[in-house]
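The values are calculated or read from the model by the stated rules, or taken from the named source; none is laboratory data. What you see is a predicted model, and the numbers here were worked out from it, not measured in a lab. Here Cβ is always computed from backbone atoms with ideal geometry, including for glycine, and neighbour counts include all displayed protein chains.
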Amino acid sequence: MTNSNHNHVMIKSSVLLLLLSFLVAAASSGNFNQDFQITWGDGRATVLDGGRLLTLSLDKSSGSGFRSVNQYLFAKIDMQLKLVPGNSAGTVTTYYLSSEGPTHDEIDFEFLGNLSGDPYILHTNIYAQGKGNREQQFYLWFDPTKDFHTYSILWNPQTIIFSVDGTPIREFKNMESRGIPFPKSQAMRLYGSLWDAEDWATRGGLVKTDWTKAPFTASFRNFNAQACVSSASSSSSSCNSGGSSDQSWLKQSLDSTGQARIKWVQKNYMIYNYCTDTKRFPQGLPPECSL
Ligand SMILES: *[C@@H]1O[C@H](CO)[C@@H](O)[C@H](O)[C@H]1NC(C)=O
């Protein structure tokens, strides 16, 4: 092979490599090896199946957890979870967005375990500028330990919507114009964890964890984010991640079908709503509750 021919082949293959790595990047939205770091649990969190599946486990000495590499300033995130089966009393599986610091923002899904056959509680909360106390709790209309189900958070400048298998269960609108803080200027990471909270999780702490059933395991898969990824080095944020340039989620809100679905869920499955807990707020319900 002549020298020039050789160079030509080299150039061709590096173009191919560049193209390949671009394709890999575009298709990597669901890879736990690339998109997440295991942050605690000393080997109890495991990435399997080439990065497509992540399992967390909990035993008497520790739980485990992970967090996203990227920080997001607005996102539409889907994750499939399969919760701890059997007697999961005392265990809590979490999946949430959070920023850092004392005035942090947070958008929470937490799953409170139960005795075999008794229902899990899906617990949700929203913190804005360090203040939470906005709990809503639900039963689910299926057994969340039998199969994977999709839990989604839509967070854009106008609204936060929690959904389960595409059914919206809760909305927190941006009511800043009425003086209610809304998370919109602090970037958040996505976190997941499995830990023990037998003091309060199941029937308010009456049912304790049965450690003879340990280790407990919860599984996460099919992570997908359409998001504005904020870069640590600058204050800029780019919304082209997820291999898709479709940014309609940034403007998305609940249509009338979605509103009807939320009503259905809240009527049939909601078991706690801070907005109706007058005992807890003797000085008056939080202002957003009357809007
Ligand atoms: C567990 O089951 C009991 C009895 O059905 C129920 O009252 C409770 O809400 C369930 N969930 C949790 C997490 O305690």
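Here is a check on your reading of the model: is Ser237 surrounded by 15 or more Cβ atoms within 10 Å (Cβ to Cβ), polar (S, T, N, Q), in contact (Cβ under 8 Å) with a residue 40 or more places away in the chain and under 25 Å from Pro157 (Cβ atoms)? The answer is yes for Ser237.
Among the numbered conditions (1) more than 16 Å from the ligand (Cβ to nearest atom); (2) closer than 22 Å to Ile38 by Cβ, the only one that Phe74 does not meet is (2).
Got a sec? Which strands (runs of 3 or more DSSP E) wholly within the stretch 89-192 have at least 2 residues that are buried (at least 19 other Cβ atoms within 10 Å of the Cβ), more than 16 Å from the ligand (Cβ to nearest atom) and of a type in the set (Val, Ile, Thr)? Passing ranges, in order: 159-164. For the residues Ser193, Ser219, Ser256, Ser248, the requirement of being more than 26 Å from Phe142 (Cα to Cα) and among the polar types (S, T, N, Q) singles out Ser248. Could you check how many residues of the stretch 249-288 are of a type outside the set (S, T, N, Q), part of a helix (DSSP H, G or I) and within 13 Å of Arg170 (Cα to Cα)? The qualifying residues number 10. A search for C-beta distances below 7 Å between a residue of the stretch 192-219 that is closer than 9 Å to Leu58 by Cα and any residue that is of a type in the set (Asp, Glu) and away from the ligand (no atom under 12 Å from the Cβ), counting only pairs 6+ apart in sequence or on different chains, returns Ala214/Asp59; Pro215/Asp59.
Just wondering, is there one or more residues in the stretch 5-12 that are more than 17 Å from Asn222 (Cβ to Cβ) and modelled with pLDDT of 95 or more? Looking for residues that are more than 17 Å from Asn222 (Cβ to Cβ) and modelled with pLDDT of 95 or more, one finds none in the stretch 5-12, hence no. Residues of the stretch 193-216 that are more than 16 Å from the ligand (Cβ to nearest atom), farther than 15 Å from Leu122 by Cα and of a type in the set (S, T, N, Q): Thr212 alone. With respect to Ser61, is the statement that it is within 18 Å of Tyr151 (Cα to Cα) and either at pLDDT 95 or above or within 16 Å of the ligand (Cβ to nearest atom) (or both) true? The answer is no for Ser61.
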